[in-house]
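Notes to accompany the following structure.
The values are calculated or read from the model by the stated rules, or taken from the named source; none is laboratory data. These numbers were taken from a predicted model, which means no experiment stands behind them. Virtual Cβ from ideal backbone geometry, glycine too; neighbours counted across all protein chains shown.
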Amino acid sequence: MLTPVDSFTVFGADGRNFLLCYPADEKSAIETLATTSNRRQLETLLKEISGRDWTAKLSAKEGLPGKSERAQPARKADEFKDDPLIQEALEIFKGEIKT
């Protein structure tokens, strides 16, 4: 299940501003997260992770994928072994999947 936080895309930093963008069509859902107290919590987490003071800057951006585009159906646990990348890694490392 996707939450409004999943809408954010990190767009880098500008000075002490940590830039987070979200799809323009999800503005109403993001406004809930953009409250002063939520923003402070986010900035506190950013400081704990990076050791640096940040100001979170949230902005809408056209062209970012919306929730429906980001949501992917859950795959069955057994389907991963059919993934071409998994198969390639198994060949490279001469591995096998045990069940």
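Looking only at residues of the stretch 64-84 that are farther than 17 Å from V5 by Cα and either assigned to a helix (DSSP H, G or I) or touching a Pro at 6+ places or on another chain (Cβ under 8 Å) (or both), we find that the one that is modelled with the lowest pLDDT is A77. Within the stretch 1-26, the residues that satisfy the criterion of being part of a strand (DSSP E or B) and either at negative phi or surrounded by 14 or more Cβ atoms within 10 Å (Cβ to Cβ) (or both) are T9, V10, F11, A13, D14, N17, F18, L19, L20, C21, Y22, P23.
Of (1) at pLDDT below 90; (2) acidic (D, E); (3) surrounded by 10 or more Cβ atoms within 10 Å (Cβ to Cβ), E43 satisfies all except one. Which? It is condition (1) that E43 fails.
If you go through the stretch 27-61 and keep only what is farther than 16 Å from P4 by Cβ, in a helix (DSSP H, G or I) and not aliphatic (A, V, I, L, M), you end up with T36, R40, E43, T44, K47, E48, S50.
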